[in-house]
Amino acid sequence: MMRNPHRTQRIAFFLLLTATLLIVVPVGYILLVIIQKGLPAISWQFIFDIPRHGMKAGGIFPAIVGTIYLVSGAIAFALPIGLLGAVYLSEYSRDNILTRIIKLAIVNLSGVPSVVYGLFGLALFVVFFKFGASILSGSLTLGIMILPIIITTSREALESVPQSFREVSLSLGASKWQTIRNIVLPNAVPGILTGTILGLGRAAGETAPILFTVAAFYLPQLPGSIFDQAMALPYHLYVISTQVPNVDEKIRYGTAFVLLALVLFMNLVAIIIRYRFRKRKKW
Amino acid sequence: MNMRKLKEFIIEKLILLSGLASIFFVILIFLFLMKEGLALFNTIKVSAFLLGKSWYPISEPPLLGILPLILGSLLVTAGATVISIPIGVGAAIYIAEIAPGALKEILKGGIELLAAIPSVVLGFVGMVTLVPLVKNVFHLPTGLTALSGSIMLAFMAMPTIVSIAEDALYSIPKNYKEGALALGATHWQAIHRVMLPAASSGILAAIMLGIGRVIGETMAVMMITGNAAVIPQSILVPVRTLTATVAAEMGEAVVGSEHYFALFAIGIVLFIISFIINVTADLFLHKRQ
């Protein structure tokens, strides 16, 4: 019996399309469910009120503020180190064993399970440095976690600046650092911004690294200093969906909606910057 | 003039230090896990820890055998791997080779979107949709099972598998495919006989990194696998993974207690697993270039 290769191809392509749909359709469904059930829960009061009655009523304001603090702290730590690290890889490193090890370390850092970051943050910042469970400990832990994202995207941005730009600057008598500061970095800003925002989004959504380093179960007031504990959106969603019985479904979906909207909004901004930059690029 | 030189000297040293920061942090993570975790082995033998069949950390004396947790992680991971390889690699082929221009961008966007959704949100959605579904389909007392975890984690591994496998297919020289087509092969024959073998090491790396993502995933798995620290007899019972154990119990463990040390020792196990997976996957990716 001869097999018809064109029929085989039709069947194969159909199966491949099915596989793709099996991923994309559930993604659409998840977004739809959260928007449909979460959006009606959103109100002025839900966003700007503190949780009340053991988190069964009221709003999520302290969790939103806590997440904003944590994410700002993480980026303040990770951006300078990540950006300079990217400058090293793009402008200074040679193709040698050290560079290879640095790249391998970055790959490993991005592969470390998020809960292991939590353990590390607990051992180093909370216990060893005695920062306690605090915004400082949580921010530093999240900062190290998002370092690989910032290094990788910034490096790509720096490397996409044409070599001729550097050569012109150097030939005019500028030093290597002047060339980097005045020519390479300004041309890489959109790419660096994209990486920074992706890092922000990642830090805002992670739960495991903040479990033992900062997150407060229920703290109906705003943190006063970086040595205070804070509530955070992802941990709050975990708490009200698994730890506290009989929380109104509306509050759960509303919290999930706010968290998802925050993270996806940041990703959207990053995508728009990347897209506009690609269109505008003159080289 | 000299001030400028000094300034540049300092800046270039800072750049070098930042370049080395990644190495520094990887070592720091490992050292601090060891510092807190190794203390456990003053009281318990490594073999009793890894192969002990009972995890009762708050009994007196505590029983700290993580075999049920290792098997829980393995079961959930194996299930997720079986589900995610055909679907993930299939989708990568479809997006890289078959989907026309505009559709391709939409599909890639959809998969990027999935990568961006926080795991606690996926866990929450899994709790309210997938868990009742599994319960009803298999007529179980609870839908919080290893199977639910496998399905959810397979889904979470997809973005990693699809994007790396797609890159691997994309980076095969065009003349491989053109050669096959010129010899009269159909498009599918060219994909199946020429491109897949040529991209095999990249696809293997994609699968390994997907598995790495699954083993390390914490929140979603803790929310939907039921957290029973017993040796699983089937995929339709609640299990507890290594990651979920750490996340669920560290809050209650007293700093400096055996329980605390044991949770850090689990962290060492997780760190070593992820290290091996990432280094091996990197070797595969490097081989391709």
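None of the figures in this text is laboratory data; all of them are computed from the coordinates on show. Nothing here was measured: the structure is a model prediction, and the numbers come from that model. Because the Cβ atoms are built from the backbone with ideal geometry, glycine has one as well, and the counts that use them run over all protein chains shown.
The table for this structure:
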read-out: Part-to-part distance (alpha-carbon centres) for segment A:140-205 and segment B:221-242, which is given in Å; value: 44 Å
read-out: GNM flexibility winner over chain B from B:E249, B:E112, B:E12 (Cα, springs under 10 Å); value: B:E12
read-out: Cα pair count fraction exceeding 47 Å, expressed as % - the protein assembly as shown; value: 14 percent
read-out: Test item: B:247-256 mean partner chain Cβ contacts at 10 Å; value: 3
read-out: Neighbouring partner chain Cβ atoms per residue of A:86-95, average, 10 Å criterion; value: 3
read-out: Calculated diffusion of segment A:236-283, Stokes-Einstein form, Kirkwood radius summed over Cα pairs, 25 °C and 0.890 mPa s, µm²/s; value: 188 µm²/s
read-out: Under the Karplus curve 6.51 cos²θ - 1.76 cosθ + 1.60, θ = phi - 60°, whole-Hz ³J(HN,Hα) for segment B:129-142, x wherever Gly or Pro sits; value: 10, 5, 4, x, 4, 4, 4, 6, 5, 9, 6, 9, x, 9
read-out: Listed pairs A:K103/A:K176; A:K103/B:K35; A:K176/B:K5; A:K103/B:K174; A:K176/B:K7 exceeding 19 Å between Cα atoms; value: A:K103/A:K176; A:K103/B:K35; A:K103/B:K174
read-out: Extension reserve of the A:Y218-A:A76 stretch, reckoned as 0.36 nm per residue once the Cα distance is removed; value: 48.5 nm
read-out: At least 30 Å along the helix axis (C-alpha) and Kyte average at least 0.0, DSSP helices within chain B; value: B:2-37, B:67-93, B:146-170, B:258-288
read-out: Theoretical FRET efficiency, 1/(1+(r/R0)^6), r = Cβ-Cβ of A:K250 and B:F138, R0 30 Å, to 0.05; value: 0.50
read-out: Point-to-point label distance, A:K279-A:L15, nm (Cα→Cβ direction, 7 Å offset); value: 4.1 nm
read-out: For segment A:158-283, convex hull of alpha carbons as volume per residue, Å³; value: 144 Å³
read-out: Ellipticity estimate at 222 nm from DSSP helix runs (n ≥ 4, -39,500 (n - 2.57)) divided over the protein assembly as shown, nearest 500; value: -22000 deg cm²/dmol
read-out: For peptides B:178-185, A:125-132, A:191-198, sequence by mean Cβ density within 10 Å, most packed first; value: A:191-198, A:125-132, B:178-185
read-out: Ellipsoid equivalent to segment B:34-177 - semi-axes via the Cα gyration tensor, in Å; value: 39, 22, 13
read-out: Amide H within-cut-off set for A:A230, under 5 Å, with H built and near neighbours excluded; value: A:A216
read-out: Under the span-like rule (Cα at least 24 Å along the axis, Kyte-Doolittle mean at least 0.0), DSSP H helices of chain A; value: A:5-38, A:61-87, A:135-159, A:185-205, A:249-280
read-out: Length gained when the stretch B:L67-B:I272 is fully extended (0.36 nm per residue, less Cα-Cα span); value: 72.2 nm
read-out: Packing rank of A:237-244, B:134-141, B:103-110, where each peptide gets the mean count of other beta carbons within 10 Å, highest leading; value: A:237-244, B:103-110, B:134-141
read-out: Protection-proxy order for peptides A:118-124, B:208-214, B:127-133, each taking the mean of Cβ atoms within 10 Å per residue, highest first; value: A:118-124, B:208-214, B:127-133
read-out: 10 Å binning of all Cα-Cα separations within segment A:180-252, expressed as whole percents from 0 upward; value: 17, 33, 25, 16, 8, 2
read-out: Label-to-label distance, nm, for residues given as B:L38 and A:Q178 (7 Å Cα→Cβ offset); value: 5.1 nm
read-out: Proportion of all alpha-carbon pairs of chain A beyond 23 Å (%); value: 64 percent
read-out: Loop-located trypsin sites (Lys or Arg not before Pro) in segment B:1-53, at most 11 other Cβ atoms within 10 Å (DSSP); value: B:K45
read-out: Area projected by the alpha carbon convex hull of chain B, averaged over all directions, nm²; value: 22.5 nm²
read-out: Test item: B:24-31 mean partner chain Cβ contacts at 10 Å; value: 6
